Amino acid sequence: MCEIVPVIGSTSKLYHSLLCYKLKVYNPLHMKILMVCLGNICRSPLAQGIMEEKIRSRKLEWEVDSCGTGSWHIGENPDPRSIQVARQNNMDISNQRARQFKRSDLDQYDYILTMDTQNYNDLRRQANKDNISKIRLIMDFQYPGENRIVPDPYFHGGFEKVFQILDDVCDHFIEHHQVKN
Ligand code: 4NP
């Protein structure tokens, strides 16, 4: 996947969609984003909820989902501490259900945004040459090349900090794509 950073508005949306289709690149007007962590109960549900909220408020036609590389929490709601910090920030993520990453996700999504280097490396091992570049460390959109991670709050807490980190980096991700409606 190669990356184009368009300035939407200077060309018609229809023309833009056709161009993306022709060039076989993702269309930033209709992006599909997958947030990935280890358990899919702490960080990636927050990342999903935060990105969904920003998508809604900016009227973007993007889709976002989340999953975990591990299987321990399949079918569970987010960790109560994630639900609580989301609620404190006027977001409800309590309806989310954990699922495990599957190889076909690599073809279904345009961006696969991992929370830490363990998730990143786990997914890269399952990728092929056509989809490996979709897998990114989410923090790279704010701190390119620094290999920063979103710290795992499951054992030692820090959910409010994680919320703020994700809120900031989601803004940078959107800004990076320069989507203007
Ligand atoms: P997450 O956090 O990857 O942000 O959802 C974790 C959740 C559960 C476990 C580890 C991390 N666990 O070991 O069960």
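List of remarks:
- Taken together, the criteria exclude Asp92 from residues that are within 16 Å of the ligand (Cβ to nearest atom), touching a helix residue (DSSP H, G or I) at 6+ places or on another chain (Cβ under 8 Å) and among the acidic types (Asp, Glu).
- Test: Pro144 is part of a loop (DSSP other than H, G, I, E, B) and within 16 Å of Leu46 (Cβ to Cβ): no
- Of the residues making up the stretch 67-85, at least one is among the β-branched types (Val, Ile, Thr) and within 17 Å of the chain's Cα centre (by Cα).
- Selection count where residues are surrounded by 19 or more Cβ atoms within 10 Å (Cβ to Cβ), near the ligand (Cβ under 10 Å from one of its atoms) and without any contact (Cβ under 8 Å) to a residue 60 or more places away in the chain, scope the stretch 68-87: 4
- The residue of the stretch 115-129 that is nearest to the ligand (Cβ to nearest atom), among those that are part of a loop (DSSP other than H, G, I, E, B) and touching a residue at least 40 places away in the same chain (Cβ under 8 Å), is Met115.
- Test for Ala98: is it on the phi < 0 side of the Ramachandran plot, touching a strand residue (DSSP E or B) at 6+ places or on another chain (Cβ under 7 Å), in a helix (DSSP H, G or I) and within 10 Å of the ligand (Cβ to nearest atom): no
Each value in this text was obtained by applying a stated rule to the coordinates, not by laboratory testing. Here the structure is a predicted model, which means the values were calculated and not measured. Positions of Cβ are generated from backbone atoms using ideal geometry, with glycine treated the same way; all protein chains shown enter the neighbour counts.
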